[in-house]
Amino acid sequence: MEQFSSNPVISVWWEAERTMLTENTRNAFLCMEWIDESRSDEFHTSQKELSELVSQHLGGTVRMEVLDIHHREMTLLG
């Protein structure tokens with residue numbers, strides 16, 4: 001019989017639990033993936049909305065970066 005903790009669903013749950021935002025979270029990195037280049041407007045609208053929600057509901061400071069073939073890395077401030 002397979003160990004309960006080795007079930008892929010449980011592994012995903014543990015990963016989500018480990019990275020969950022809580023009242024004690026002080027630094028977080030949120031990532032959005034832009035796959036369909038024809039949906040540029042939706043991507044930028046979603047990015048702006050997420051930024052506003054983080055500021056309003058979490059009191060966070062937001063810095064947005066878009067990584068692509070021309071901008072392959074960014075520096076995380078900590």
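The values are calculated or read from the model by the stated rules, or taken from the named source; none is laboratory data. The structure presented is a predicted model; accordingly, all values stated were derived computationally and were not measured. Cβ placement follows ideal geometry from the backbone for every residue including glycine, while neighbour counts extend to all protein chains displayed. Areas reflect the complete protein model, heavy atoms only, side chains present, ligands, DNA and RNA absent. Shrake-Rupley method; radii C 1.70, N 1.55, O 1.52, S 1.80 Å.
Averaged per residue, what accessible area in Å² does the chain show with a 1.4 Å probe, protein chains only? All intermediate terms of the calculation are to be shown ahead of the outcome.
Working: 7630 Å² over 78 residues.
Per residue, the chain has an accessible area of 98 Å².
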Quiz item: Relative to a virtual label point 7 Å from the Cα of residue 64 in the Cα→beta-carbon direction, which members of segment 27-51 show backbone nitrogen distances below 17 Å?
Solution: 29-51
Quiz prompt | For the chain, the Rg and Dmax computed from alpha carbons only, in angstrom | solution = 16.5, 49
Self-check item: Sequence of 64, 74 when ordered by accessible area, the most exposed leading, probe 1.4 angstrom
Solution: 64, 74
Quiz item: What angle, in degrees between 0 and 90 and rounded to the nearest 10, separates the Cα long axis of helix 40-53 from the longest principal axis of the Cα atoms of the chain?
Solution: 70
Quiz item: Once both axes come from the Cα atoms, what is the angle between helix 8-18 and the longest principal axis of the chain, in degrees from 0 to 90, rounded to 10?
Solution: 60
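At 0.36 nm per residue, minus the direct Cα-Cα distance, what do residue 33 and residue 18 gain on full extension? Give it in nm, one decimal, please. The partial results should precede the final answer.
Numbers: separation 15, 0.36 × 15 = 5.40 nm, distance 2.09 nm.
That works out to 3.3 nm of additional length.
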